[in-house]
Ligand SMILES: [Cu+2]
């Protein structure tokens, strides 16, 4: 396993070299070595779907979905630019997929935790992929949690420094909401059905 400091240096180097590219270039570059069959047919809309039973949702998070944010995205979104909202007490089933050879993971944390270099524990019990600090490459895992507290949270990559680099989506747990909604970028939030 790479030492966390080395990982951070590696990411910093990646970011620095990417910054020298012309604007917009990062969205067109192919990330090399992706195992594409792992996420064939999955779209951004699969970020949030109704669950199999009432009062539940199904989330599919694909890390390195495309080259946005140098691959540090979920289904193409980073820096909290997709906002998932679920009513408090609902059950959340997450499928995490990382088709790339660069390790990533997923963890539910407080929104403010995305400013930390490391996120040690999920905020809600069960809310992380196995060994989220080490991450996973070219694979898939599942986890579930039941948020019993309203607030502003994030579904973040738990690999050291990635959340800090923008590898996270906003996840709101609402005491007022009666349905689950998703908001992509500047578009209005819409109910998932
Ligand atoms: Cu990551």
Requested in this report: Please state which of the following conditions residue 152 fails to meet, knowing it meets all the rest: (1) away from the ligand (no atom under 16 Å from the Cβ); (2) part of a loop (DSSP other than H, G, I, E, B).
Outcome: (2)
Query raised in the report: With respect to residue 160, is the statement that it is part of a loop (DSSP other than H, G, I, E, B) and within 16 Å of the ligand (Cβ to nearest atom) true?
Result: yes
Report task. Only one of these is modelled with pLDDT under 95 and over 20 Å from residue 36 (Cβ atoms): 147, 120. Name it. Result -> 120
Query raised in the report: at negative phi, touching a residue at least 24 places away in the same chain (Cβ under 8 Å) and within 16 Å of the ligand (Cβ to nearest atom): does that describe residue 141?
Result: yes
**Report entry** First in the range 101-127 and over 10 Å from residue 156 (Cβ atoms) and in a loop (DSSP other than H, G, I, E, B), second anywhere and at pLDDT below 95 and more than 14 Å from the ligand (Cβ to nearest atom), Cβ under 6 Å, 6 or more apart
**Finding:** 101/33
Report task. Check 181, 95, 137 and return the single one that is surrounded by 15 or more Cβ atoms within 10 Å (Cβ to Cβ), modelled with pLDDT of 95 or more, more than 14 Å from the chain's Cα centre (by Cα) and closer than 26 Å to residue 30 by Cα. Result -> 137
Query - Tally, over the range 76-102, of residues that are within 21 Å of residue 34 (Cβ to Cβ) and either touching a strand residue (DSSP E or B) at 6+ places or on another chain (Cβ under 9 Å) or more than 16 Å from the ligand (Cβ to nearest atom) (or both) - result: 12
Report summary line: Contact list, first residue from the range 42-62 and on the phi > 0 side of the Ramachandran plot, second anywhere and exposed (fewer than 15 other Cβ atoms within 10 Å of the Cβ), beta-carbon distance below 9 Å, six or more apart or interchain, is 55/89
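The values are calculated or read from the model by the stated rules, or taken from the named source; none is laboratory data. Just so it is clear, the structure is predicted and the values come from calculations on it, not from any experiment. Positions of Cβ are backbone-derived with ideal geometry, glycine not excepted, and every protein chain shown enters the neighbour counts.
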